[in-house]
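The block underneath contains the structure these notes are about, expressed in structure tokens.
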Amino acid sequence: MEHYYSSNPTSKSEERVLEYYIQDKVLKFISDNGVFSKNSVDFATNLLIKTVVAEKIEGSVLDVGCGYGVIGITLAKLLSVDVTMLDVNERALDLARRNASKNGIEAKVIESDGFANISENYDIIITNPPIRAGKEVVYGIYRGAKEHLNPGGKFYLVINKKHGAPSTITYLKELFENVEVLDKKAGFHVIRCM
Ligand SMILES: C[S@@+](CC[C@H](N)C(=O)[O-])C[C@H]1O[C@@H](n2cnc3c(N)ncnc32)[C@H](O)[C@@H]1O
């Protein structure tokens with residue numbers, strides 16, 4: 001069965017364009033079958049973006065599991081940041097590249113299973129993690145984030161209570177000195193680790 005985290009989706013391509021309204025801007029994203037939240041920007045993704053925008057982050061940003069690119073591209077559109085996006089899904093990566101240029105953004109897009117192909121460090125790492133890919137993948141992303149942050153860097157993620165937010169927080173506290181829940185809505189927790 002095909003999942004949104006397949007590396008090479010085989011479902012028939014049916015591209016569509018979705019609109020995302022944030023602040024006074026409207027961003028347009030090409031989406032398709034075989035990628036996460038193909039019809040509209042996901043509730044948790046929107047919550048994460050809004051929380052991080054309010055933090056007024058700066059510097060280099062890595063969007064882990066970028067899908068069609070909504071997090072990285074929106075942050076690049078609204079803030080002064082230099083964005084890199086990675087995913088394991090080739091169809092998502094192609095969409096992320098095209099969506100960056102569609103929205104007038106320069107961004108680096110890298111095919112990578114977790115941090116496997118990432119050699120640099122970043123000021124900000126952000127993810128709406130691939131829960132369905134399993135705990136091993138997701139906890140690997142948390143460890144990779146810790147290893148790839150510049151000194152003083154911050155890691156942001158969103159996770160639902162029903163997908164293990166409390167145990168995630170316990171694990172993150174083993175990795176990071178400071179772990180804070182910045183916002184909570186409908187069970188989703190936006191977490192900042194420093
Ligand atoms: C919950 S979706 C989030 C997508 C996008 N960031 C958003 O918020 O709409 C998680 C993404 O992680 C990707 N993914 C799954 N396993 C991965 C892995 N091992 N390494 C990198 N990305 C992965 C999936 O393909 C998917 O695009």
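FYI, it's all coordinate maths here, none of it is from the lab. Just so you know, these numbers come straight off a predicted model, no measurement behind them. All Cβ positions, even for glycine, are placed from backbone atoms using ideal geometry, and neighbour counts span all protein chains on display.
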Original post:
So which of Lys108/Lys161; Lys50/Lys77; Lys28/Lys184; Lys28/Lys50; Lys25/Lys102 end up more than 23 Å apart by C-alpha?
Top reply: Lys108/Lys161; Lys28/Lys184
Subject >> Dipole magnitude of the chain, debye to nearest 20 (Cβ charges: Lys/Arg +1, Asp/Glu -1, about Cα centre) >> reply: 580
Subject >> Ordering of 171-181, 73-83, 57-67 by burial proxy (mean other Cβ atoms within 10 Å per residue, highest first) >> reply: 57-67, 73-83, 171-181
Original post:
What does the charge dipole of the stretch 143-194 about its Cα centre add up to, to the nearest 20 debye, if the Cβ of each Lys and Arg holds +1 and the Cβ of each Asp and Glu holds -1?
Top reply: 220
Original post:
Over all pairs of distinct alpha carbons, what does the Kirkwood formula give as the hydrodynamic radius of the chain, in Å?
Top reply: 16.5
**OP:** Just rank Leu182, Leu149, fewest to most, by other beta-carbon atoms within 10 angstrom.
**Re:** Leu182, Leu149
Subject >> Extended-chain gain in nm, criterion 0.36 nm per residue less alpha-carbon gap, Glu147 and Lys162 >> reply: 2.7 nm
**OP:** Enter the Cα centre distance for the pair the stretch 113-145 and the stretch 61-86, rounded to the nearest angstrom.
**Re:** 14
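Expressed as a rounded percentage, what relative contact order does the stretch 43-193 have, with Cα pairs under 8 Å and six or more residues apart? Mind showing how you got there, number by number?
Numbers: 288 pairs, mean separation 32.2, N = 151.
Once divided by the residue count of the stretch 43-193, the mean separation gives 21 percent.
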Subject >> Rounded tilt (10° steps) of 135-147 against the dominant C-alpha axis of the chain >> reply: 70
Subject >> Projected-area mean, the stretch 148-191, by convex hull of Cα positions, square nanometres >> reply: 3.1
Original post:
Label points 7 Å out from Cα along the Cβ direction at Lys108 and Glu19: separation in nm?
Top reply: 3.4
Original post:
Compactness ratio of the stretch 115-194: Cα Rg over 2.2 N^0.38 Å, N = residue count?
Top reply: 1.03
